[in-house]
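Engineer: This is the structure I have questions about; it appears just below.
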Amino acid sequence: MRSATVAASITAFIAGTQATGPSARNDPHISDFRLWGSPTCSGTQNYGIWTILQSDTGKCTSLHLNDPTGPSVYGIGLGDISDNFKLFIFVEEDCYGEPVQATLGGCDAANPEWKSFIVRQ
């Protein structure tokens, strides 16, 4: 009896994890862009890649992630973006002001710095 209970618990656990696994794949990849501390998108101030999923689109996001003392972003290199989507970057917080559409494969420089972005169709 105890073996049957353990086996049933394991089976239920496996079925539950398999049921929740595919839902993560229902959030397609939309874009990747690299953040730079340099307006030339080169040198040692490479802050890494930011990945955008479908669920991230249409939301204004701060490049400081609510940490105003974080590193300043002076260059953004758009590596890839899905068809019909665009990355807009701003020198103001909260996606305020004039948007700049990021250039695929290019380096978009800001003066004084990039502060927020939004990806939308």
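The values are calculated or read from the model by the stated rules, or taken from the named source; none is laboratory data. Just so you know, these numbers come straight off a predicted model, no measurement behind them. Every residue, glycine among them, receives a Cβ derived from its backbone with ideal geometry; neighbour counts consider all protein chains shown.
Engineer: Looking at residue 55, is it closer than 30 Å to residue 103 by Cβ, modelled with pLDDT of 95 or more and in a helix (DSSP H, G or I)?
Structural biologist: Considered against the rule, which asks whether it is closer than 30 Å to residue 103 by Cβ, modelled with pLDDT of 95 or more and in a helix (DSSP H, G or I), residue 55 comes out as yes.
Engineer: Looking at residue 78, is it within 15 Å of residue 34 (Cα to Cα), surrounded by 14 or more Cβ atoms within 10 Å (Cβ to Cβ) and modelled with pLDDT of 95 or more? Give the steps one after another, and end with the answer.
Structural biologist: Values: within 15 Å of residue 34 (Cα to Cα): yes; surrounded by 14 or more Cβ atoms within 10 Å (Cβ to Cβ): yes; modelled with pLDDT of 95 or more: yes.
Spelling it out, residue 78 is indeed within 15 Å of residue 34 (Cα to Cα), surrounded by 14 or more Cβ atoms within 10 Å (Cβ to Cβ) and modelled with pLDDT of 95 or more.
Engineer: What pairs come up if the first residue lies in the stretch 94-120 and is under 23 Å from residue 84 (Cα atoms) and free of Cβ contacts under 8 Å to residues at least 60 places away in the same chain, the second is of a type in the set (Phe, Trp, Tyr) and part of a loop (DSSP other than H, G, I, E, B), and their beta carbons are under 9 Å apart, counting only those six or more places apart or on different chains?
Structural biologist: Matching pairs, first to second residue: 116/96.
Engineer: Something else now. Select from the stretch 44-66 the residues that are free of Cβ contacts under 8 Å to residues at least 24 places away in the same chain and in contact with a Phe, Trp or Tyr (Cβ under 8 Å, 6 or more places away or on another chain) and list them in ascending order.
Structural biologist: 46, 50
Engineer: Restricting attention to the stretch 52-66, does a residue exist that is among the β-branched types (Val, Ile, Thr), farther than 12 Å from residue 31 by Cα and more than 16 Å from the chain's Cα centre (by Cα)?
Structural biologist: No, every residue in the stretch 52-66 fails to be among the β-branched types (Val, Ile, Thr), farther than 12 Å from residue 31 by Cα and more than 16 Å from the chain's Cα centre (by Cα).
Engineer: Looking at the stretch 96-108, is at least one residue in a strand (DSSP E or B), within 15 Å of the chain's Cα centre (by Cα) and of a type outside the set (Ser, Thr, Tyr)? Please lay out each step first, then the result.
Structural biologist: As a first pass, look at the stretch 96-108 and keep what is in a strand (DSSP E or B): 100-101, 104, 108.
Then drop every residue that is not within 15 Å of the chain's Cα centre (by Cα), which leaves none.
Within the stretch 96-108, not a single residue is in a strand (DSSP E or B), within 15 Å of the chain's Cα centre (by Cα) and of a type outside the set (Ser, Thr, Tyr).
Engineer: I'd like the residue in the stretch 32-52 that is out of contact with any Asp or Glu (no Cβ under 9 Å at 6 or more places or on another chain) and exposed (fewer than 13 other Cβ atoms within 10 Å of the Cβ) and, out of all such residues, is nearest to residue 103 (Cα to Cα).
Structural biologist: The selected residue is 40.
Engineer: Just one of the numbered conditions (1) among the hydrophobic types (A, V, I, L, M, F, W, C); (2) touching a strand residue (DSSP E or B) at 6+ places or on another chain (Cβ under 9 Å); (3) farther than 17 Å from residue 120 by Cα is not true of residue 53; which one?
Structural biologist: (3)
Engineer: On to the next question. Is there any pair with a first residue in the stretch 67-82 that is under 22 Å from residue 29 (Cβ atoms) and a second that is in a loop (DSSP other than H, G, I, E, B) and at pLDDT below 95 whose Cβ atoms are under 6 Å apart and which are 6 or more apart or on different chains, and what are they?
Structural biologist: Close Cβ pairs satisfying both conditions: 73/63.
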